[in-house]
Amino acid sequence: MKKLHYAAMIACMTLTGASAFAQPLTGASDQDVMTVLKDSFAPVGEVSLDRLEQSPEQKACSDMAATGQAIPKDVMEKLLKQAMASVKPPTDKQFLGDWKVGEKIAQSGVGLQFSDKPGVVSGGNCYACHQMTKSEIAFGNIGPSLLHYGKNRGNSVQMLEYTWNKIYNSHAYTACSNMPRFGSAGILTEQQIKDVMALLFDPASPVNNE
Ligand code: HEC
């Protein structure tokens, strides 16, 4: 019983920000914070500690958030260029796959988490941030609604290329975007990106047909 009380107390402190242990961070360098972070995590399954290493782009975005200042124009241009350079177009130049598979990928948030079986096929979790169809009412709104995406924008080569690039590495157009870099970060395969592209563009898909 006593043990349980301790467990509950520790859980409460963790949830409330562990106020008993909180120290002012004045004087702590970025390196001090990283040391604490690295000591606090253990690698589990597919999640290794290299996730704590920031890419130069993530670092620039964090620095901007910390100082509240805009990224200098030259740095911003470099970041956008780097992100665009990471995008690989479809090898057979076909942008569209199967929207029915795409819908399953958009619905699935499985993959790359410590609780996932290593090697499991990842989903895109698009609905976590976007409205896409009328029938799915459980969606997040961090990103804009993509309902009627293909119907509204058409399927010109330029629009297909823009959307492919955006999904492959969202930072190619918006530095510090909240959207995952599905291709560059190795979350989705080329075929999976084609399938979510079909979900967005196929006139028969529920994105355009509801
Ligand atoms: C964690 C949130 C998040 C997830 C998950 C996410 N997105 Fe996004 N997405 C955003 C945000 C935020 C924007 C707008 C800001 C920006 O441009 O980056 C956006 C923008 C877009 C755009 C551009 C829209 C426009 O008006 O031009 C497309 C297309 C898109 N997302 C497709 C997808 C697809 C497909 C998936 C799933 C494979 C997905 N997104 C998953 C957050 C997300």
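Every number in this text was worked out from the coordinates using simple rules, so none of it is lab data. These numbers were taken from a predicted model, which means no experiment stands behind them. Glycine also receives a Cβ, built like all others from the backbone with ideal geometry; neighbour counts cover every protein chain displayed.
At a glance:
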item: DSSP H segments from the chain that extend 27 Å or more along their own axis, Cα-based, with Kyte-Doolittle mean of 0.0 or above; result: none
item: Qualifying chymotrypsin sites (Phe, Trp or Tyr not before Pro) for the range 105-150 [loop in DSSP, other Cβ within 10 Å: at most 10]; result: none
item: Global form of the range 71-111, assessed from the alpha-carbon gyration tensor, a/c cut-off 1.5; result: oblate
item: Overall dimensions of the chain by Cα: Rg and Dmax, Å; result: 20.7, 67
item: Highest-MSF residue in the chain out of Gly140, Gly111, Gly68 [GNM, Cα springs under 10 Å]; result: Gly68
item: Residue order, fewest to most surrounding Cβ atoms within 10 angstrom, among Met159, Met34; result: Met34, Met159
item: Debye equation applied to the C-alpha atoms of the range 99-209, log10 I(q)/I(0) at 0.10, 0.11, 0.19, 0.22 Å⁻¹; result: -0.26, -0.32, -1.00, -1.35
item: Choice from Leu96, Leu37, Leu147 with maximal GNM fluctuation in the chain (Cα, 10 Å cutoff); result: Leu37
item: Cα-projected label distance for Lys100 with Val47, points at 7 Å along beta-carbon direction, nm; result: 3.5
item: Theoretical ellipticity at 222 nm over the chain - DSSP helices of four or more residues, -39500 (n - 2.57) apiece, nearest 500; result: -13000 deg cm²/dmol
